[in-house]
1. Full-extension gain between H84 and A254, please, as 0.36 nm times their residue separation minus the C-alpha to C-alpha distance.
2. With a cut-off of 20 Å, note down the residues of the range 32-67 whose backbone N falls inside the zone around a label point 7 Å from the Cα of A242 toward its beta carbon.
3. Kirkwood Rh over alpha-carbon pairs of the chain, then Stokes-Einstein at 37 °C and 0.692 mPa s: what D in µm² s⁻¹, rounded to an integer?
4. As an exercise, use a Förster radius of 22 Å and the Cβ-Cβ distance of Q11 and D209 to find the FRET efficiency, rounded to the nearest 0.05.
5. Would you list, by chain and number, the lysines whose Cα falls below 27 Å from the Cα of K78, excluding same-chain residues fewer than 8 positions away?
6. For E43 and D106, compute 0.36 nm times the residue count separating them, minus their Cα-Cα distance, and round to one decimal in nm.
7. Using the charge dipole of the chain (Lys, Arg: +1 at Cβ; Asp, Glu: -1 at Cβ; taken about the Cα centre), state which of Q215, I136, G181 has its Cα farthest towards the positive end.
8. Compute the longest continuous run of the chain that contains no exposed GluC sites (Glu not before Pro); treat a site as exposed when its DSSP state is not H, G, I, E or B and it has at most 10 other Cβ atoms within 10 Å.
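Bear in mind that the values in this text are calculations on the coordinates, not laboratory data. Given the structure is predicted, the values throughout are model-derived calculations rather than measurements. As a convention, Cβ positions derive from the backbone with ideal geometry for all residues, glycine included, and neighbour counts pool all protein chains shown.
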Amino acid sequence: MKIDLLNQIRQTNPVVLNISNFVTVQDVANGINAIGASPIMSEEIGETDEMVGISNAVALNLGAFSKPQVDHILAMGKAANAQHKPLVIDPVAVGAISYRKKVALDLMNQFQVDVIRGNAGEIAALADVAWDAKGIDAGSGNQDVVEVAKAAAKKQHCVVILSGETDIITDGQHVARVFNGTPLFQLHVGSGDMLSSIVGAFCAVSDGDYFEAAQTACLVFASIGQIVAEQLNEERPGTFAARLMDELHLASVADIEKIAQFD
Ligand SMILES: Nc1ncnc2c1ncn2[C@@H]1O[C@H](COP(=O)(O)OP(=O)(O)O)[C@@H](O)[C@H]1O
Ligand SMILES: Cc1ncsc1CCOP(=O)(O)O
Ligand SMILES: [Mg+2]
């Protein structure tokens, strides 16, 4: 695990281009900014090539798309491939809504993503594994989540992050797990979206090793949430969200190394 990638983000301030959803756009922009990267959001297809040109990574969030936005997402994915920019996708709620799953799979047939980041319900759907997803949340299931993540990675030929109490990161062959985190993440809508775009920031400084970038992003984000939770003596979702921004900015590599738990 190369936790020092966090310092590289802070030193080089990579631009992360996002198609976001209207629910969490500000959290995502501020999360990217707080950790030391530079967010930019786009809602106009005409600017796609130029936008991708100035960016160091692209993150596509499928949280609340409309038909015109699907065209935009497609153009953005194709441009990221053509311009060799790392490409992350967050397939929000594809486990709960079959239409979303169809759109997500159609898109991923037309461009190659480098990393998919979703919860268990979302990744199970992409792997065609039975799972009881609940809206935007993971829901419940009996399958081995490591096998679910590996199946999705093999199917889509990319790195998969299946996030949750334990984050599972796999390229289809190798598996890493991050044990840090806090249940408080679940009390803040947008935690997953923030992580997906922060994965983009780590990919931007990774020299093409997206498996390592994905692991490190998960470790850093989950550990920072845990640091905040350990400072609060009650469940306070509002304070958690505000303090998460503070610690994304303040936490050092040494702070994370002290509590890091992964294999
Ligand atoms: N029960 C939990 N305990 C600890 N960390 C969690 C828990 N659930 C989610 N997380 C963390 O929350 C972040 C967002 O992941 P997740 O909740 O799976 O995404 P989403 O919001 O898309 O469902 C990740 O860093 C993950 O490790
Ligand atoms: C509530 C909601 N509805 C559509 S997208 C969205 C936000 C999902 O955010 P996250 O998956 O990060 O919790
Ligand atoms: Mg999500």
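1. Gain in length upon complete extension: 58.0 nm.
2. Hits in the range 32-67 for A242 at 20 Å: 32-35.
3. 184 µm²/s
4. 0.75
5. Partners found: K67, K101, K102, K150, K154, K155.
6. Result: 20.6 nm gained on full extension.
7. Result: I136, furthest along the dipole toward the positive end.
8. Here the longest segment lacking exposed loop sites spans 45-233.
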